[in-house]
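Participant: The following block contains the structure, expressed as structure tokens.
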Amino acid sequence: MTLAQFVRKFGQVRSGGPVRVSVTDITEILGEPPRPAPPRGASWTPVGRSSASSLMLDLEFAERTDVGRVRDHNEDYMGYAAPATPAQVRTHGWLFVLADGVGGQEKGEVASKTAVESVVDGFHKAKDGESHSAVLQRLVQRANTSVFEAAVTGGRASAGMATTIVACALRYDRVSVAHVGDSRCYLIRNGKAAQITRDHTVVGEQVRLGLVTAQEAAESESSHILSRSLGTELIANVDTNDHQVFPGDVLLLCSDGLHGPVEASEMAAICGQGQELHHAADRLVALANERGGGDNISVQLIRIRGVERVGMYRGRPYKLY
């Protein structure tokens with residue numbers, strides 16, 4: 001049984017509980033040793049022997065999407081790419097991606113689905129051990145091209161369609177994040193949520209230039225007008241950044257339907273240590289709906305349960321003890 005088959009059999013991510021996949025689970029399911037031989041041409045180096053659970057990245061995740069209480073259809077779309085073998089935990093790692101379509105009747109739902117599927121497909125085909133920052137930069141640009149071409153070839157009905165996107169890729173003890181637009185990624189650690197993306201909105205740029213305060217921006221009627229999105233230009237301006245992750249950290253990806261009505265401190269409290277992720281995701285969506293549900297609401301939660309600590313030397317990882 002492959003890991004993907006295992007997820008389908010036991011996960012049911014959107015409608016059921018969270019998917020918990022440890023490296024021990026993977027090796028038991030696939031009947032492979034905890035320390036696989038490196039594939040031909042791999043750019044990583046296997047390191048010291050240890051138990052499977054301490055040797056590789058170990059995580060669980062849950063995701064939810066909801067139409068909200070005002071819109072009549074959902075323009076958000078989410079996806080993920082899971083490693084199919086223990087070797088791919090190191091060569092590729094995990095990918096999570098969320099997009100919020102722009103345009104309503106101009107087929108925003110087509111834009112978001114096109115973008116997410118393009119990134120997920122490209123991640124599966126990425127070279128072994130390739131830098132996640134480089135991979136995400138390339139794949140988001142590719143997604144931008146796909147949305148742009150779909151808008152051009154779709155005729156008048158597709159004119160103006162676009163989407164935001166936020167994607168994170170995890171491997172070893174690192175997460176790489178890429179984004180365009182105002183969909184966000186938070187890093188929740190020790191009960192506090194830090195936004196590790198920046199909103200590409202007109203008022204967001206004004207705040208960064210010191211023209212308005214953060215409070216004035218939040219109260220502005222134009223707070224959701226994007227300064228960047230996928231599909232509006234032939235080349236997208238993609239922001240990327242990298243962070244170290246530790247056991248207990250939670251990564252939260254969401255559309256503005258969640259981060260608009262729900263404060264970061266509330267997200268941190270709801271996703272607190274020990275909280276089941278599927279319960280946390282349900283509670284976050286419910287809270288956004290309680291506060292009006294004026295937009296589609298989507299969230300992905302990823303909890304880090306264990307990491308493989310590594311350093312890098314000439315582009316190759318080595319074990320840290």
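Participant: Highest mean first, how do 245-256, 195-206, 149-160 rank when packing is the count of other Cβ atoms within 10 Å averaged over residues? Present the calculation step by step, with values, prior to reporting the outcome.
Facilitator: Values: 245-256: 21.9, 195-206: 18.8, 149-160: 13.6.
Listed from highest to lowest mean packing, they are 245-256, 195-206, 149-160.
Participant: Taking the Cα centre of each part, how many Å lie between the stretch 115-184 and the stretch 227-244?
Facilitator: The stretch 115-184 and the stretch 227-244 have Cα centres spaced 9 Å from each other.
Participant: Turning to a different aspect of this structure: Classify the stretch 167-279: rounded, prolate or oblate, from the alpha-carbon gyration tensor (a ≥ b ≥ c, eigenvalue square roots; a/c under 1.5 rounded; otherwise prolate if a/b is larger than b/c)? Before the final figure, lay out each step's value.
Facilitator: Values: a/c = 2.12, a/b = 1.38, b/c = 1.53.
Oblate.
Participant: Counting only other residues whose beta carbon sits under 13 Å from that of Gly248, what net charge do I get with K and R as +1, D and E as -1? The partial results should precede the final answer.
Facilitator: Details: positive: Arg189, Lys192, Arg303, Arg305; negative: Asp58, Glu60, Asp173, Asp249.
Charge balance in the 13 Å sphere: 0.
Each reported figure results from applying straightforward, stated rules to the coordinates on display, with no laboratory input. Everything quoted here is computed from the prediction, not taken from an experiment. FYI the Cβ positions are ideal-geometry reconstructions off the backbone, even for glycines, and counts take in every protein chain you see.
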